[in-house]
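See structure below.
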Amino acid sequence: MSALAPQMVRFTVNGQGVEVDAAGDVPLLAVLRGELGLTGSRFGCGLEQCGACTVLVDGEPAYACSRPAWSVADRSVATIEAAEHDLVLAALRRAFLDEQAGQCGYCLSGIILSARALLAREPSPDRPAIVAALDRHLCRCGAHNRIVRAVQRAAARLAEEVAP
């Protein structure tokens, strides 16, 4: 598949199949926000340094600001809007609210999605694992400790829900 030729790209977003025109190297973030109306992922720096644009591609965190839309052909993309149908994302969102883990909230969708990927790999992460998983994100509000506590709270809540 040529990256520069106009083309229709099929992929799954939040469990729904979509087909979009991904002409040239249009970023995935532009397609998500502009064509699909999924505005939870945000443009921050455009240089893969802040994480505000983070989405999950096949369950792994990925920067949507620099990833060409054609690169997700036949793959699965999850945005923060998937929280409506994802128990782990919903638990994370609830924990972030309970811990008041954000002030402006601009970075939180990316942080929550990275935390989602962490909890999929490691359901009971310790503090160093959480810090490492969220290291690629910048939060200028200084809510780092509350963010880590929110991930811990969500993990504990999920563990209670699945315990026999």
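The values are calculated or read from the model by the stated rules, or taken from the named source; none is laboratory data. Note that the structure is a prediction, hence the values are computed from the model and not measured. Cβ sites come from the backbone with ideal geometry, for glycine too, and all protein chains shown count toward neighbours.
Look at region 98-120: where a residue is assigned by TED's automatic domain parsing to the domain that holds Leu56, no partner that is assigned to a loop (DSSP other than H, G, I, E, B) and surrounded by 20 or more Cβ atoms within 10 Å (Cβ to Cβ) sits 6+ places away or on another chain with Cβ atoms under 7 Å.
Restricting attention to region 69-108, the residues that are touching a Gly at 6+ places or on another chain (Cβ under 8 Å) and over 19 Å from Val151 (Cβ atoms) total 3.
Does any residue of region 106-115 turn out to be among the aromatic types (Phe, Trp, Tyr), under 24 Å from Val162 (Cβ atoms) and buried (at least 16 other Cβ atoms within 10 Å of the Cβ)? No, region 106-115 contains no residue that is among the aromatic types (Phe, Trp, Tyr), under 24 Å from Val162 (Cβ atoms) and buried (at least 16 other Cβ atoms within 10 Å of the Cβ). Just so you know, in region 13-49 the residues that are of a type in the set (D, E, K, R) and in contact with a Cys (Cβ under 8 Å, 6 or more places away or on another chain) include one that is farthest from Glu60 (Cα to Cα), and it is Arg42. Within region 26-44, being touching a residue at least 60 places away in the same chain (Cβ under 8 Å) and not polar (S, T, N, Q) holds for Gly40, Arg42, Gly44. Any residue at all in region 51-62 that's of a type in the set (D, E, K, R), surrounded by 15 or more Cβ atoms within 10 Å (Cβ to Cβ) and either within 23 Å of Arg140 (Cα to Cα) or not assigned by TED's automatic domain parsing to the domain that holds Asp135 (or both)? No; the residues of region 51-62 include none that is of a type in the set (D, E, K, R), surrounded by 15 or more Cβ atoms within 10 Å (Cβ to Cβ) and either within 23 Å of Arg140 (Cα to Cα) or not assigned by TED's automatic domain parsing to the domain that holds Asp135 (or both). Whenever a residue of region 136-163 is under 12 Å from Leu108 (Cβ atoms), its partners that are among the aromatic types (Phe, Trp, Tyr) and in a helix (DSSP H, G or I), lying with C-beta atoms within less than 8 angstrom and at least six residues away or across chains, give the pairs Ile147/Phe96; Ala150/Phe96.
When Arg157, Arg153 are checked against the criterion of being part of a helix (DSSP H, G or I), over 17 Å from the mean Cα position of the chain (by Cα) and surrounded by 18 or more Cβ atoms within 10 Å (Cβ to Cβ), a single residue qualifies: Arg153. Are any residues in region 6-50 surrounded by 15 or more Cβ atoms within 10 Å (Cβ to Cβ) and in contact with an Asp or Glu (Cβ under 8 Å, 6 or more places away or on another chain), and if so, which ones? Once the filter is applied, which keeps residues that are surrounded by 15 or more Cβ atoms within 10 Å (Cβ to Cβ) and in contact with an Asp or Glu (Cβ under 8 Å, 6 or more places away or on another chain), region 6-50 yields Gln7, Val9, Phe11, Asn14, Val20, Leu38, Gly40.
The set of residues in region 119-147 that are crowded, with 19+ Cβ neighbours inside 10 Å and of a type in the set (Val, Ile, Thr) comprises Ile130, Ile147.
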